[in-house]
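First the structure, in the form of structure tokens, and then the observations on it.
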Amino acid sequence: MDLSKNIENDRILILKVIDDKLPKTSHGMVDQRLFKGDNKLHVIFDGQTTLWNLKYDSGVLPEPLQQKFTSFKVLKNFVAEYFRNRNIEIAEVVNASTA
């Protein structure tokens, strides 16, 4: 059974700042292009390993986000918590093929 045919292999997490305040981080500013659509956070499904991972259109992911996840739900919950601590929330999830 080829799982990759049943799952959109590339999704984009649309991020927004909570309460229109600046994003918080102890390691410097968060890439502002993520909120303007100039840089996107992709969620990629690897059909070979059946694992999910993240990547930016441009730039290097923060180290905590450079891991692989067993399900989209686990990944989304982890990312939501990671960004919530930085005053950012996931506003929407869209398929990359339609974005």
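Of all residues in region 11-28 being within 16 Å of L65 (Cα to Cα) and within 17 Å of the chain's Cα centre (by Cα), which is modelled with the lowest pLDDT?
By that ranking, first place goes to T25.
Restrict the check to region 83-97 and report whether at least one residue is touching a residue at least 24 places away in the same chain (Cβ under 8 Å), touching a Lys or Arg at 6+ places or on another chain (Cβ under 9 Å), of a type in the set (G, A, S) and closer than 16 Å to L15 by Cα.
Checked against the condition, which is being touching a residue at least 24 places away in the same chain (Cβ under 8 Å), touching a Lys or Arg at 6+ places or on another chain (Cβ under 9 Å), of a type in the set (G, A, S) and closer than 16 Å to L15 by Cα, region 83-97 yields at least one hit.
Which residue is nearest to Q32 (Cα to Cα), if the candidates are limited to region 70-90 and must be over 11 Å from the mean Cα position of the chain (by Cα) and among the aliphatic types (A, V, I, L, M)?
I88
Report the residue count in region 52-67 for those that are surrounded by 13 or more Cβ atoms within 10 Å (Cβ to Cβ) and over 20 Å from S97 (Cβ atoms).
4
Looking only at residues in region 28-51 that are of a type in the set (A, V, I, L, M, F, W, C) and buried (at least 16 other Cβ atoms within 10 Å of the Cβ), which one is farthest from S97 (Cα to Cα)?
Ranking the qualifying residues of region 28-51, first place goes to V30.
The values are calculated or read from the model by the stated rules, or taken from the named source; none is laboratory data. Please read these numbers as outputs of a predicted model, since none were measured by experiment. Don't worry about glycine lacking a Cβ; one is built from the backbone with ideal geometry, like all the others, and counts go over all protein chains shown.
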